[in-house]
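Here is the structure we will look at, set down as structure tokens.
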């Protein structure tokens, strides 16, 4: 039971992180028709910049400054590079963001090296935010903070006690993601700039002819999207790992999220992020394979067949490709995505 | 009698807005019909429905007696209906000649062949050359389509439309954006290249309408309120009320000599 | 019967084209005699493979407007199937002649393109790109999960020397492999060129320019894309088979996103809008990988920056730059621009030196800590820890860039003038 709860929470937190990233991607795509290939690179740069600032000034300043730095980078890129390419069409736009991802990866490796760096979460977030103690006689309790070691071990062999901590970093991730979600929603629906953005989402030319400075709005949206990715980077980098390949690992997943959720739909991106986050987290934790499933159903295979790698593959090993499988299936059966309005 | 194009209670809604509200039309083979109506009446939508670009919400569309509503554009095109576009829709990075040659390929049966060379397809090449001459675009034969003047692009647009030898031709505002002299030359061109074919054209210029059309269909708020010879349509009180009752229209018609 | 010049108006090959192909064949024939070192022959073989791969990629991008992020799937799977065929040829279970192994790769590429292509070509534009990315990741991940076929981390290797053939050719020495690969290169290039002159090839271009209009002239756009995708997959597979033959090994990175990205990068650099562009790109790819990486660790960064500049300023790639200048030369106006080009070159070089010096110094600090702070850059000694070097580099870069910008504006004005004169000349010709 506690396994399910903790895995669910882990999955939700990962899904929310994915949403932090894919929301920016969706906004940029909806408004500008550009699928920002370099979005995950902004994530990576956020993590590294956060790491460097944290080393000098501490984690919390890093959490605030790094996203701003990344946002500025994003806005500058939009103004000086992307805008120039806009008139050539969508393929060159995709190409230039692709080129940017290359360059950012090389620059990060240039400045910070090719190996992972130790980006530690702050003191406050180092322990668990709560611990689920499941005792076979007492049932399940929730303890805030860490459970003392004595509680987790049982002297009596008949009593089984399992302690499952839920890391504070993950909890913080969920917290920030939810705050961001609410802030985004409020901004889009309650402020004037949000209204302009909403209309420019579907009718950019019309909005421009109404006198709004759409290029400037584009720059702001691109910058904001990048900044969100940077924020996700600070949190993700300190929770998981900060290394050059972090862009590639999460990059393809967020594209899957955006396509599965439906290009241009924030709600779809949210649903798809949670879905994929939970799915992958559970899959990684489960050790079942086709072979073991058959075995529990009472079917035993011959020794040769049992050795075949496809059947021996556990769910955990297959977990990395699940999003892509999902992508291909969605594109076959429901090409608009779960909630899509545009088809790209 | 089998009509070339027939619309039966055709309806089309976009979301909650109904654009075409029960349009009925029966065009005989070889007739030249001009479709007129106020802006927003749904003329381009009608063309989009007939050519398969949009699907109808309800009703029937028949081509030579065969139902074509619900078919894909390329299926309808293969049945002998071709259309031009109001906003020029050509192959910008191909030359004028290549544009026309593309238009003839399917009708001559070359389909998806990648084992024959274009240079050796004598019938396709001859047909494209003939078209080139008829459109008076010989001088711009090897110019890239995106480098043509607006009027030349409109001519090419029509060229691609009729290249496949379709018997039913839909022209969507062919003379849009042209000057007076260009327009009259263009009308001559259209008349030449569509001899013997069934022609439906959307037009705003009354001079063009009265000069080109055997019959006029008047589309108002998604319904065909009149379909008759020009004189009868002009005299029709419903039409006068909805559309033609203006000094300008009278003047244009007078200029065209009717 | 039409005369030769008339037939040429419809696209048949004339004497000029035959000369170009002849020169190409001659170059392929003679190159290893001119560059005869072991390294050179290896590079030439790799260039042949890259040419076929990039040309097949450009069938999708330049001719069809389809941006694929997963083209390595087809060349990579072709490599794997070919290497298995080579192994089987070696142990006698599948008696395929070694010289036909690339063809086996081609058939594999074709098969997988039939399989994946249907879903992939259902969509166009950005969605198409995303599907290719997804399938690429899928195959890449699968490669690590099915060691029976993919050989796990170590990959699958085979020996291309399978015993003596009647002619005495064993394909052991690199030079023999080179000539076989060169044959495949020229045949595949010719076939792919021929494709561009067929109805399907031309309709593929039409689909690129205006996919909607194509439907209204009787063609099913998706069918055009799908069949072209399959043809491109075949040639990608052939390139993969050539790779397997040359390197005698296939590892999981041949199906990876990195390789797909390289196809994209270099095809685009070479020029996607002309047929010969990818050939230039292929040469660049091998030269960059093998030679440039020796000069500097930062070569991928330089490449990325060049790519960015290309997308912004010359989206037609090197091929388009060549063709634009050839056009100017045809009208006799190239002389006016030569001086400006030289000036652009000098100022650009200055700016580059400054920027490169900074990049090299950062790399040096990063990677070669143990060697001390001094490094040699272009014959000059730099001290990565001294302010003087940094300031000097920055100054050089800044001044160089400023001068470059100034020169570029003047050049742009000149270029505009020249273009205007050419346009007027053309109009005069047409009017006559």
### Task
Give the residues of the range B:71-80 that are within 8 Å of another protein chain (Cβ to nearest Cβ) and assigned to a loop (DSSP other than H, G, I, E, B), sorted by residue number.
B:72
### Whichever residue in the range C:382-407 is part of a helix (DSSP H, G or I) and within 14 Å of another protein chain (Cβ to nearest Cβ) and, among such residues, is nearest to residue C:366 (Cα to Cα)
C:401
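Just give me the residues in the range A:166-185 being touching a residue at least 60 places away in the same chain (Cβ under 8 Å) and either part of a helix (DSSP H, G or I) or out of contact with any helix residue (DSSP H, G or I) (no Cβ under 8 Å at 6 or more places or on another chain) (or both), in sequence order. If you could, list the steps in order and put the result at the bottom.
Initially, the range A:166-185 is screened for residues touching a residue at least 60 places away in the same chain (Cβ under 8 Å), giving A:166-167, A:169-174, A:176-178, A:180-181, A:184.
Result: A:169, A:170, A:171, A:172, A:173, A:174, A:176, A:177, A:178, A:180, A:181, A:184.
If you scan the range C:291-308, which residues turn out to be outside any helix (DSSP H, G or I) and out of contact with any helix residue (DSSP H, G or I) (no Cβ under 6 Å at 6 or more places or on another chain)?
Of the residues in the range C:291-308, the ones outside any helix (DSSP H, G or I) are C:296-298.
Result: C:296, single match.
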### Query
Cβ-Cβ below 9 Å, separation at least six or inter-chain, first residue in the range A:21-39 and within 12 Å of residue A:91 (Cα to Cα), second in a loop (DSSP other than H, G, I, E, B) and at pLDDT 85 or above: which pairs?
A:37/C:69
### Message
I need a count of the residues in the range B:102-122 that are surrounded by 23 or more Cβ atoms within 10 Å (Cβ to Cβ) and more than 7 Å from every other protein chain (Cβ to nearest Cβ).
### Response
1
### Message
Here is a list: B:138, B:157, B:152. Which entry is within 11 Å of the chain's Cα centre (by Cα), farther than 21 Å from residue B:27 by Cα and within 14 Å of chain C (Cβ to nearest Cβ)?
### Response
B:157
### Query
Being within 22 Å of the chain's Cα centre (by Cα), crowded, with 23+ Cβ neighbours inside 10 Å and not in a loop (DSSP other than H, G, I, E, B), is that true of even one residue in the range C:7-23?
no
### Task
Look through C:363, C:341 and report the one residue that is at negative phi, modelled with pLDDT of 85 or more and out of contact with any strand residue (DSSP E or B) (no Cβ under 8 Å at 6 or more places or on another chain).
C:341
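Can residue A:211 be described as surrounded by fewer than 16 Cβ atoms within 10 Å (Cβ to Cβ) and outside the structural domain of residue A:26 (by TED's automatic domain parsing)? Explain how you work it out, then say what you get.
Values: surrounded by fewer than 16 Cβ atoms within 10 Å (Cβ to Cβ): yes; outside the structural domain of residue A:26 (by TED's automatic domain parsing): no.
Here the answer is no, as residue A:211 does not meet what is asked.
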### Message
Just the residues that are without any contact (Cβ under 8 Å) to a residue 24 or more places away in the chain and either within 29 Å of residue A:65 (Cα to Cα) or not assigned by TED's automatic domain parsing to the domain that holds residue A:62 (or both), please, taken from the range A:189-208.
### Response
A:189, A:190, A:191, A:192, A:194, A:195, A:196, A:198
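Consider residue B:34 carefully, then state whether it is in contact with a helix residue (DSSP H, G or I) (Cβ under 7 Å, 6 or more places away or on another chain), part of a strand (DSSP E or B) and within 14 Å of another protein chain (Cβ to nearest Cβ).
No.
Here are some residues: B:93, B:83. Which one is facing chain C (nearest Cβ under 7 Å), touching a strand residue (DSSP E or B) at 6+ places or on another chain (Cβ under 7 Å) and more than 12 Å from residue C:218 (Cα to Cα)?
Working: B:83 fails: more than 12 Å from residue C:218 (Cα to Cα).
Step by step, each of B:93, B:83 is checked, and only B:93 is facing chain C (nearest Cβ under 7 Å), touching a strand residue (DSSP E or B) at 6+ places or on another chain (Cβ under 7 Å) and more than 12 Å from residue C:218 (Cα to Cα).
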## Note on the structure
Counting only residues that are within 15 Å of residue C:199 (Cβ to Cβ), facing another protein chain (nearest Cβ under 10 Å) and in contact with a helix residue (DSSP H, G or I) (Cβ under 7 Å, 6 or more places away or on another chain), the range C:214-237 contains a total of 10
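Could you check, for the range C:177-188, whether at least one of its residues is within 25 Å of the chain's Cα centre (by Cα) and over 18 Å from residue C:53 (Cβ atoms)?
yes
Okay, residues lined up against (1) within 16 Å of residue C:42 (Cβ to Cβ); (2) more than 14 Å from chain B (Cβ to nearest Cβ); (3) crowded, with 19+ Cβ neighbours inside 10 Å:
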site: C:151; (1), (2), (3): no, yes, yes
site: C:162; (1), (2), (3): no, yes, yes
site: C:175; (1), (2), (3): yes, yes, no
site: C:180; (1), (2), (3): yes, yes, yes
### Message
Exactly one of these conditions fails for residue B:125: (1) over 20 Å from the mean Cα position of the chain (by Cα); (2) part of a helix (DSSP H, G or I); (3) more than 7 Å from chain C (Cβ to nearest Cβ). Give me its number.
### Response
(3)
### Task
Spot the failing condition for residue A:270; the list is (1) within 14 Å of chain C (Cβ to nearest Cβ); (2) within 11 Å of the chain's Cα centre (by Cα), and only one is missed.
(1)
### Message
Under 6 Å between Cβ atoms, which residue pairs at least 6 apart in sequence (or on different chains) link something in the range C:413-432 that is outside the structural domain of residue C:336 (by TED's automatic domain parsing) and modelled with pLDDT of 80 or more with a partner that is surrounded by 10 or more Cβ atoms within 10 Å (Cβ to Cβ) and in a helix (DSSP H, G or I)?
### Response
none
### Summary
Exactly one of C:127, C:121, C:132 is free of Cβ contacts under 8 Å to residues at least 24 places away in the same chain, crowded, with 20+ Cβ neighbours inside 10 Å and touching a helix residue (DSSP H, G or I) at 6+ places or on another chain (Cβ under 9 Å), and that residue is C:127
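The values are calculated or read from the model by the stated rules, or taken from the named source; none is laboratory data. Remember, it's a predicted structure, so these values are computed and weren't measured experimentally. When we count neighbours, we look across all protein chains shown, and the Cβ atoms used for this are built from the backbone with ideal geometry, even at glycine.
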